[in-house]
1. Taking every pair of distinct Cα atoms and averaging 1/r, then inverting, what Kirkwood hydrodynamic radius in Å comes out for segment 5-124?
2. With unit charges on the beta carbon (Lys/Arg positive, Asp/Glu negative), name the residue among 46, 64, 29 whose Cα is farthest towards the positive pole of the charge dipole of segment 29-87.
3. How about segment 98-132: which trypsin sites (Lys or Arg not before Pro) there are in a DSSP loop, with at most 11 other Cβ atoms within 10 Å of their Cβ?
4. For segment 113-125, take each phi angle, set θ = phi - 60°, evaluate the Karplus expression 6.51 cos²θ - 1.76 cosθ + 1.60, and give the result in whole Hz per residue in order, putting x for glycine and proline.
5. Charges on Cβ only, +1 for Lys and Arg, -1 for Asp and Glu, centred on the Cα centroid of the chain; of 10, 144, 165, which one is farthest towards the dipole's positive end?
6. Using only the Cα atoms of segment 55-208, what are the Rg and Dmax in Å?
7. List the extent of the Cα atoms of segment 22-69 along each of their three principal axes, largest first, rounded to whole Å.
8. Specify the inter-centroid distance of segment 1-42 and segment 92-117, based on alpha-carbon positions, in whole Å.
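No value in this document is a laboratory result; all are computed from the given coordinates. Treat the numbers as computed from the prediction; the structure is a model and nothing was measured. Every residue, glycine as well, gets a Cβ built from its backbone with ideal geometry; the counts of neighbours run over all protein chains shown.
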Amino acid sequence: MKRIVILISGRGSNMQALVERCAEQGWPARVVAVIANRSDAAGLRWAEARGIATAVVEHKAQPSREAFDFELARAIDAFEPDLLVLAGFMRILGPDFVRRHEGRMLNIHPSLLPAFPGLHTHRRALAAGCKAAGATVHFVTAELDHGPIVMQSVVPVRPGDDEAALAARVLATEHQIYPLAVRWFVEDKLRIEGGLVVHADGASQVLI
Ligand code: NHR
Ligand code: GAR
């Protein structure tokens with residue numbers, strides 16, 4: 001049974017999708033805690049209502065990024081996770097933190113990486129005139145949004161799309177690919193070979 005800790009900053013819809021698929025599909029895993037860097041993260045209330053342990057480590061209460069990372073690591077360690085899942089988590093993590101969890105930490109980013117790492121991805125994709133957009137699940141490394149790619153989803157950009165419309169279309173696919181990718185991790189199906197992710201049984205790693 002793998003122990004999963006999920007980090008959020010807000011709504012937590014990806015976290016909900018993971019908790020629900022894990023329970024419905026009987027993964028060899030359990031979401032043991034949801035941790036946020038803001039006490040007003042709506043996803044915390046949802047997790048509490050489901051009986052999942054929650055914790056808050058407020059970045060604003062810490063004197064430095066290093067101090068925040070240290071306190072966050074301490075809160076996480078208490079739950080002894082096998083996998084850390086970033087789900088709409090909005091604080092960049094320092095190299096020391098990342099090193100401790102390397103190979104055991106996943107993120108979902110709302111763009112077709114390596115395009116548009118960082119913030120405001122949908123706005124930037126629209127401004128660039130992209131005709132396709134999507135989301136990427138990747139292992140977290142010290143370099144922001146550059147870790148080995150596990151799975152991607154592709155959606156069309158439609159004429160007249162604004163940021164909200166595109167974000168909603170991409171988010172619906174995030175709720176499909178993130179549970180798939182996390183399931184593969186907990187079932188030990190993912191290997192990193194030469195810096196690239198392969199699926200042990202050769203399963204397709206794109207959703208169109
Ligand atoms: N940390 C590392 N080391 N590597 C990654 O790949 C990470 C990471 C931390 C978070 C999520 C990421 C995303 O999917 C993520 C990936 C926050 C920012 C950011 O600029 C950028 C990317 C991501 C998350 N955060 C600002 C900061 O100063 C704060 C922005 C805010 O609070 O709204 O940390 O997009
Ligand atoms: C998702 O679209 C996720 O990909 C994105 O924020 C949203 C969170 O929604 N993540 C980032 O932008 C990370 N910087 P959720 O809280 O409902 O899962």
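1. 15.0 Å
2. Checked the options; the winner is 46.
3. For trypsin sites (Lys or Arg not before Pro) across segment 98-132 that sit outside H, G, I, E and B with at most 11 neighbouring Cβ atoms in 10 Å, the list reads 131.
4. 4, x, 6, 6, x, x, 9, 6, 5, 5, 4, 6, 5
5. Farthest towards the positive end: 165.
6. Rg, Dmax (Cα atoms, Å): 16.3, 48.
7. Extents along the principal axes: 42, 21, 11 Å.
8. 17 Å
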